[in-house]
1. Provide a single number: the residues in the range 233-261 that are open to solvent by 50 Å² or more (accessible area, probe 1.4 Å), modelled with pLDDT of 80 or more and either charged (D, E, K, R) or not in a helix (DSSP H, G or I) (or both).
2. Do you know which residues across the range 418-445 are among the aliphatic types (A, V, I, L, M) and surrounded by 15 or more Cβ atoms within 10 Å (Cβ to Cβ)?
3. If ARG405 meets every condition in (1) touching a residue at least 12 places away in the same chain (Cβ under 8 Å); (2) open to solvent by 60 Å² or more (accessible area, probe 1.4 Å) apart from one, which number is that one?
4. When the residues of the range 404-453 are narrowed to those that are in a helix (DSSP H, G or I) and in contact with a Pro (Cβ under 9 Å, 6 or more places away or on another chain), which ends up farthest from TRP372 (Cα to Cα)?
5. Could you tell me how many of the residues in the range 95-149 are open to solvent by less than 100 Å² (accessible area, probe 1.4 Å) and touching a Phe, Trp or Tyr at 6+ places or on another chain (Cβ under 7 Å)?
6. Collect the residues in the range 295-324 that are under 44 Å from the mean Cα position of the chain (by Cα), modelled with pLDDT of 90 or more and loosely packed, with under 15 Cβ neighbours inside 10 Å, keeping them in residue-number order.
7. Tally time: how many residues in the range 366-392 are loosely packed, with under 15 Cβ neighbours inside 10 Å and not in a helix (DSSP H, G or I)?
8. Can SER192 be described as at pLDDT below 90, of a type outside the set (A, V, I, L, M) and assigned by the TED database to the domain that holds SER318?
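The values are calculated or read from the model by the stated rules, or taken from the named source; none is laboratory data. Everything numeric in this text was worked out from a predicted model, so none of it was measured. Here the Cβ positions follow ideal geometry from the backbone for every residue, glycine too, while neighbour counts run over all protein chains shown. The area values use the complete protein model at the heavy-atom level, side chains included, leaving out ligands, DNA and RNA. Shrake-Rupley method; radii C 1.70, N 1.55, O 1.52, S 1.80 Å.
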Amino acid sequence: MSLLLKRAKTWEISESEAESDSETQGRRTCACSSESQEKVPPSVDQTSTEQTEDCNKNVEILPVCTEQAGADKRPLAPPAADGPGTPSPGKRRRRTREEVEADRVRAGCVREAREQLKKERLQIKEQRKLEQQRRKEAAERLKCYRPEQCLKYLTVCIDPAVLQDEGSDLLLGTVEALGWRIIIEEQPVSHSISWKRDLPQVEEDEASPVTEEQVLMVVTLSDFLDMVVAIKKGQDRTGEEAPPGSLYTQLCEFLEGDPEKVVTLAVIGPNPNSWTLRGRERRDRSMGSDLALKELDIEEALVFLQLHRNISVMFLPSWDELCDHMCAVTRALAKRPFKQLTEGVELPFCPDGAWAGGVRVGQDGAGLRQVWTRQIQQLNRVSPAVAAAVSAAHPSPQQLLKAYREKDSERERKALLSDLTVRNGDRARRVGPEISNRVYRYLHADNPHLVLD
């Protein structure tokens, strides 16, 4: 009973609680008071009666609280409007036609920007794919340009007139045994062998297939002597010209039409030391002694072909040597494409700029000190800073040699440059005894084969 009274007093003191809590506590207190009155037995002592009266006093205050709680349950009135044109918070303002159109245009711009960005990304992706494909094709083409692969794309073109000789079977057998491609067709100049290259081109403007400029003309000893006679007549200015269908005439017309061609004349015959005698005997019987060829005539013909026609002549004893020469030329042509690709690449160890151009020395001696600095820098492990420090202390070789002569011992001469200060930016160091000793030996050594390091 005393516990319930304490809770009622507690409710009276607490003023900071919410209205809901007050209402709930008031109801509980009234209910507890009524229950307590019903449960009190009639036979209680005077002390219990006094406590009951105190409780009734407290209960008399509770209806006031109950009425106040009931008053708080009245419905809330809406807040007063700030002005006549203020819309309700729950009601959205209707957009105007201009705002709707502006939003539509803005949305269209965003949509177009997204589509443009998507297209750009697709283009970048396609470009990357094309670049990868291009690099892959370039790598495949470079593989084809290697000599062992390039042989597969070379075609040996042989004129039918070459096959009229008995030894031509050896030439055909050699080419077929090596697995090279061969074609027999009429060439611009008779009795000749040429080459065609059908490789994937690195640049798009290159033609394919490419006809090599090398031409190998195979003639016999008799044909070569006829050329010598024609050259001799042209040099003597007798007015006689070579027959229109002769090999020499065809060769001259071919070179005039295509000066870039490089012709090699392969003469198959016996030892050249016996050619003059045999040729003289044959010419003497057929043409007379006045047209007999001398050794000097053959030498003059060889010089004329080399200087005026850019034709080199080689004498081969048999068809075996001719096959070897033809195979060597074919292999050399197979190496040419790869060499052409690598020749344009600059070597990393080649100097460039001012170092490659050297130092200009004027008539007044300007530039000699820089030459002396470069000369010191040529020594192994001598940096430009060290060379500059030495040339600053001794501006010329003569002054350095004079400083060496002023020293009493060789030990002092070797250590002359060791204490010089080398400045490289903010750091400073000494030249050191090792470089000083090498410079001394460089200027005083008598042995040209002496290794300075």
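1. 6
2. LEU420, VAL422, VAL431, ILE435, VAL439
3. (1)
4. My answer is LYS414.
5. 3
6. Within the range 295-324, SER312, ASP324 qualify.
7. Within the range 366-392, residues that are loosely packed, with under 15 Cβ neighbours inside 10 Å and not in a helix (DSSP H, G or I) number 6.
8. When the stated conditions are applied, SER192 does not pass them.
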